[in-house]
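Take a look at the structure set out below.
What follows draws every value from the coordinates through simple rules; no lab data is involved. Everything numeric here is computed off the predicted structure, so don't read it as measured data. Cβ atoms come from the backbone with ideal geometry, glycine included; neighbour counts cover every protein chain shown.
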Amino acid sequence: LLAADGTVAASIFAEMSALAARTGAINLGQGFPDEDGPPEVLEAARQAISDGVNQYPPGRGLPVLRDAIARHQHRFYGLAANPETEVLVTAGATEALAATILALLEPGDEVVTFEPFYDAYGALIALGGGVHRTVRLRAPDFQPDPDELRAAVTDRTRLIIVNNPHNPTGAVFPADTLALIVELAERHDAVIVTDEVYEHLTFGVAHTPIATLPGAGGRTVTISSGGKTFNTTGWKIGWLTAPAPLVTAILAVKQFLTYVNGAPFQPAIAVGLDLPESYYSGIAADLRVKRDVLERGLTAAGFTVSRPQGSYFIVADAAPLGYPDGAEFCRALPGLAGVVAVPIAAFCSPEHRPEYASLVRFAYCKRVDVLERASEQLAGLT
Ligand code: PMP
Ligand code: GLN
């Protein structure tokens, strides 16, 4: 986790946001929205602070939020989670992932992820002493090959980490892929850890939590976050739902990572989780428009793009523009077009980076006028 010179290596997102700040370029690198979320949610946090919700909440999270998470799982997916024993509030999805991986992994256990993978997975598997195996997702649709998936999961596999909708590719896995993952987890007695932070951000396809599949519920840790659904990435309120024994094991680790987190933000996220269906369909429709604006802009600029079915992100191939090295391209892009993007190689293990070398990720969770300006600037690349 250290850079070659012994200093802490900045994550790709921190590095690219710093590059944007330094150059004044439009930041389509790090995935965070540039507008506030629902006013009710913001007001509820202010109110909670005024009401004195400012001390340590319970380790599992405030009951008001755990109840709201359980209601949300039932309302959208028909899932029953006992808020007393099967729900855990965490410092963002990141802590849910960290506590889960550190709790469930023994050194030497194998963990399967889908590559390109969200950068935290690789780092956390390393922290847990695990052996990281990946199943490759390839352009243009970034769906896994079933045979590669079958070959990756063995009796040595302890965890299968699914990320659906997928960062960085925007892929949404179809039901048969999810069913195969469950079948393999059952056959090899693995736990499924599913990162569904973009659960409400799909375009024209329904989100299916893997925990809803037959056989999955008893062996699945489902992770989400308020950040993506309520534009509150800086609040770091996430959660997981899982069978009670898994939650107990994960809580044992969580209590020594952060102990508890974000008391006044918890009732506010609870307000968000109870918002009507129209809020949820509205954010997906809104983001779809933004995706379309950026997709058009990138295509017009000469990139080959893969249309995402969900998430904040779109993958573009810079090779047709004469840039075979996406990392080099991203470093030059602020100067070339006043835009920041992230190389897909940052989401890959070193040995697989060459396969993804010319691909870059742009975030479209930004105002339409910002995306239009970025598109105009990128048009100057050719
Ligand atoms: N998982 C994925 C796939 C993400 O894209 C992100 C980043 N936003 C996270 C986890 C981390 O979420 P949080 O900010 O809630 O920790
Ligand atoms: N998840 C966001 C992204 O992929 C950023 C999170 C972070 O900065 N760690 O861009």
ask   = Hey, got the dipole for the chain? About the Cα centre, +1 on K and R Cβ, -1 on D and E Cβ, debye to the nearest 20?
value = 320 debye
query = Mean residue ellipticity at 222 nm from the helices of the chain, using -39,500 (n - 2.57) per DSSP H segment of n ≥ 4 over the full residue count, to the nearest 500 deg cm²/dmol?
reply = -13000 deg cm²/dmol
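Of the listed peptides 100-111, 266-277, what is their order by residue-averaged count of other C-beta atoms within 10 Å, with the highest listed first? Mind dumping the intermediate values first?
Values: 100-111: 19.2, 266-277: 20.8.
Ranked from most to least packed, the peptides come out as 266-277, 100-111.
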note = In order over segment 257-269: 3J(HN,Hα) from phi, Karplus 6.51/-1.76/1.60, θ = phi - 60°, whole Hz, x for each Gly or Pro, gives 8, 10, 6, 8, 7, x, 3, x, 7, 5, x, 5, 5
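Compute the length gained on full extension between ASP147 and ALA18: take 0.36 nm times their separation in residues and subtract their Cα-Cα distance, giving the result in nm to one decimal.
42.4 nm
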Label point at ALA139 placed 7 Å out along Cα→Cβ; residues across segment 346-381 whose backbone nitrogen lies under 19 Å = 346-364, 375, 378-381
message = Output wanted: per-residue J couplings in Hz (rounded whole) for segment 11-17, from phi through Karplus 6.51 cos²θ - 1.76 cosθ + 1.60, θ = phi - 60°, x for Gly and Pro.
response = 5, 4, 6, 5, 4, 6, 5
request  = Go ahead and collect, in residue order, the members of segment 57-77 whose backbone nitrogen is under 11 Å from a label point 7 Å along the Cα-Cβ direction of GLU277.
outcome  = 76
task = Taking a cut-off of 16 Å between Cα atoms, list the lysines near LYS366, but don't count ones fewer than 8 places away on the same chain.
result = LYS228, LYS290
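Just for the chain, what percent of DSSP beta bridges are antiparallel, to the closest 5? Spell out each step's value before the answer.
Details: 22 of 42 bridges.
If we restrict to bridges inside the chain, about 50 percent are antiparallel.
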remark   = Amide H neighbours of VAL131 at under 5 Å, excluding residues fewer than 5 places away on the same chain, with H built from the backbone geometry, are GLY108, ASP109, GLU110, VAL111
note = Inter-part gap, Cα centre of segment 87-131 to Cα centre of segment 20-51, in whole angstrom, is 26 Å
query = So who's got an amide H within less than 5 Å of the one on ALA91, skipping anything under 5 residues away but keeping other chains? H placed 1.01 Å off N, in plane.
reply = ALA96, GLY238
query = Each residue of segment 210-217 in order: what ³J(HN,Hα) in whole Hz does its phi give by Karplus 6.51 cos²θ - 1.76 cosθ + 1.60, θ = phi - 60°, with x for Gly and Pro?
reply = 5, 5, 7, 6, x, x, 7, x
key: Per-q log10 I(q)/I(0), segment 39-273, q = 0.18 Å⁻¹ (Debye; single scatterer per alpha-carbon; no solvent)   = -1.38
ask   = Sequence-distant or interchain residues sharing an amide H contact under 5 Å with ARG136, placed H: which?
value = GLU115
